[in-house]
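K.L.:
After the structure tokens below, expect a handful of questions from me.
No value in this document is a laboratory result; all are computed from the given coordinates. Please read all numbers here as calculations on a predicted model, not as lab measurements. Every residue, glycine among them, receives a Cβ derived from its backbone with ideal geometry; neighbour counts consider all protein chains shown.
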């Protein structure tokens with residue numbers, strides 16, 4: 001068993017596509033009509049044949065409620081791994097991505113930083129500890 005698809009709830013698929021492709025640098029993988037919305041997925045350019053991320057429309061009230069509750073509490077919906085968090089923070093900040101603060105410098109555990117994806121979510125980036 002392997003993870004081939006995950007998703008994030010978004011309030012607007014067009015806006016999400018623009019942000020996830022133009023700002024984050026993901027590549028659009030699939031895009032076709034599906035039940036009044038779109039089946040829209042993106043992948044990492046570092047692993048274009050690996051896990052896809054579906055930009056899932058918040059079509060149900062309970063999805064909107066869940067998304068809003070997480071955002072209001074400042075809790076990231078998901079997290080993406082990066083090799084160099086400082087470099088990625090600087091790159092994304094230069095592209096206008098709004099972070100909640102600079103990358104953390106914990107005594108133990110991964111370094112993290114959280115940004116707003118403009119689609120109703122906070123997303124965390126993290127850099128694993130190096131040995």
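K.L.:
From (1) loosely packed, with under 14 Cβ neighbours inside 10 Å; (2) within 15 Å of the chain's Cα centre (by Cα); (3) without any contact (Cβ under 8 Å) to a residue 24 or more places away in the chain, pick out the condition that doesn't hold for residue 75.
P.N.:
Residue 75 satisfies every listed condition except (3).
K.L.:
May I pose another question? Are any of the residues in the stretch 81-91 assigned to a strand (DSSP E or B) and buried (at least 19 other Cβ atoms within 10 Å of the Cβ)?
P.N.:
Of the residues in the stretch 81-91, the ones assigned to a strand (DSSP E or B) are 81.
Subset that is buried (at least 19 other Cβ atoms within 10 Å of the Cβ): none.
No, there is no match, as no residue in the stretch 81-91 is assigned to a strand (DSSP E or B) and buried (at least 19 other Cβ atoms within 10 Å of the Cβ).
K.L.:
Also, quick follow-up: Somewhere in the stretch 80-87, is a residue closer than 14 Å to residue 9 by Cβ and under 14 Å from the mean Cα position of the chain (by Cα)? Even if it seems obvious, please write down each step before you answer.
P.N.:
Keep residues of the stretch 80-87 that are closer than 14 Å to residue 9 by Cβ, which gives none.
Checked the stretch 80-87: no residue is closer than 14 Å to residue 9 by Cβ and under 14 Å from the mean Cα position of the chain (by Cα).
K.L.:
Separate question: Is there a residue being in contact (Cβ under 8 Å) with a residue 40 or more places away in the chain, more than 25 Å from residue 89 (Cβ to Cβ), surrounded by 14 or more Cβ atoms within 10 Å (Cβ to Cβ) and in contact with a helix residue (DSSP H, G or I) (Cβ under 9 Å, 6 or more places away or on another chain) anywhere in the stretch 26-43?
P.N.:
Within the stretch 26-43, the first condition is being in contact (Cβ under 8 Å) with a residue 40 or more places away in the chain, and the residues that meet it are none.
No - not one qualifying residue is present in the stretch 26-43.
K.L.:
Within the stretch 101-128, count every residue that is part of a loop (DSSP other than H, G, I, E, B) and within 20 Å of residue 15 (Cβ to Cβ).
P.N.:
So the first thing to find is which residues in the stretch 101-128 are part of a loop (DSSP other than H, G, I, E, B), and the list is 101-110, 117-121, 128.
Of the ones still in play, those that are also within 20 Å of residue 15 (Cβ to Cβ) are 117-121.
Selection size over the stretch 101-128: 5.
K.L.:
Residues in the stretch 51-69 that are in a loop (DSSP other than H, G, I, E, B) and either under 13 Å from residue 30 (Cα atoms) or in contact with a helix residue (DSSP H, G or I) (Cβ under 8 Å, 6 or more places away or on another chain) (or both): how many? Before you say what the answer is, go through the steps one by one.
P.N.:
As a first pass, look at the stretch 51-69 and keep what is in a loop (DSSP other than H, G, I, E, B): 51, 58-60.
Going one step further and asking which of them are either under 13 Å from residue 30 (Cα atoms) or in contact with a helix residue (DSSP H, G or I) (Cβ under 8 Å, 6 or more places away or on another chain) (or both), we end up with 51, 58.
Qualifying residue count, the stretch 51-69: 2.
K.L.:
Tally time: how many residues in the stretch 1-19 are closer than 12 Å to residue 58 by Cβ and within 11 Å of the chain's Cα centre (by Cα)?
P.N.:
Summing the residues that are closer than 12 Å to residue 58 by Cβ and within 11 Å of the chain's Cα centre (by Cα) in the stretch 1-19 gives 5.
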